[in-house]
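A short reminder: the numbers here are calculations on the coordinates, not readings from a lab. What you see is a predicted model, and the numbers here were worked out from it, not measured in a lab.
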Amino acid sequence: MADYLLDTNIWSFWFNGEKYAEYAANIQAHIQAITGDPKHTGSAHVLASIITWGEIEYGYTAMKLKERSREAQFRAFVAGQSPLPLLIDKHTAVQYGQLRARLFEKYGPKEMKGKGLRPEQLIDPVSSLHLQIQENDLWMAAQALRYGMILVSDDKMRAIKAVAGQSLQVQNWTVPLKV
């Protein structure tokens, strides 16, 4: 059974069950269906990317002080569900590079393709806006591909899925579980 890599938006909906009650209930139903219980002791695992931890850090650092009161609760919630973050390694970087190159080929500006750019021109030659992606989603997709995981996100990720093909499985657990 494949493991599942949850995007930050899924963790947020799940944690904020009082605000997103329907989404949180749907997410919990999906988890129970794959693991058999809410503590994830079954054969499938639900993980958090190191990218998710970075997005959490950014979110809480950028918040106003009065809104940071739930920071410790959220950190404990995510840590309680997935104690170890899924790291990025050189194999993930290879997946990322291949995905980004395919995105560039499909969605990049025509005037930049096939130019034999020098390394200093490749620092950020095409923005993620041009490629119709969020950079962090691309890294998480690379992690999912590298580890053979299913990426769980409320994001559409159309461009990433278009170039990754069938090898990238993406599910949205904010929708009701189909039995």
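Couplings for the range 28-36, taken from phi via the Karplus curve 6.51 cos²θ - 1.76 cosθ + 1.60 with θ = phi - 60°, read 4, 5, 4, 5, 5, 5, 8, 9, x Hz in order; Gly and Pro are left as x. Remark on LEU47: its backbone amide H falls under 5 Å from those of TYR4, LEU5, LEU6, a criterion applied only to residues 5 or more positions apart or on other chains, H modelled at 1.01 Å from N. With a threshold of 26 Å on the Cα-Cα distance, the over-threshold entries among LYS90/LYS110; LYS156/LYS178; LYS90/LYS178; LYS19/LYS161 are LYS90/LYS110; LYS90/LYS178; LYS19/LYS161. The distance linking the range 144-165 with the range 70-94 is 18 Å (Cα centroid to Cα centroid, whole angstrom).
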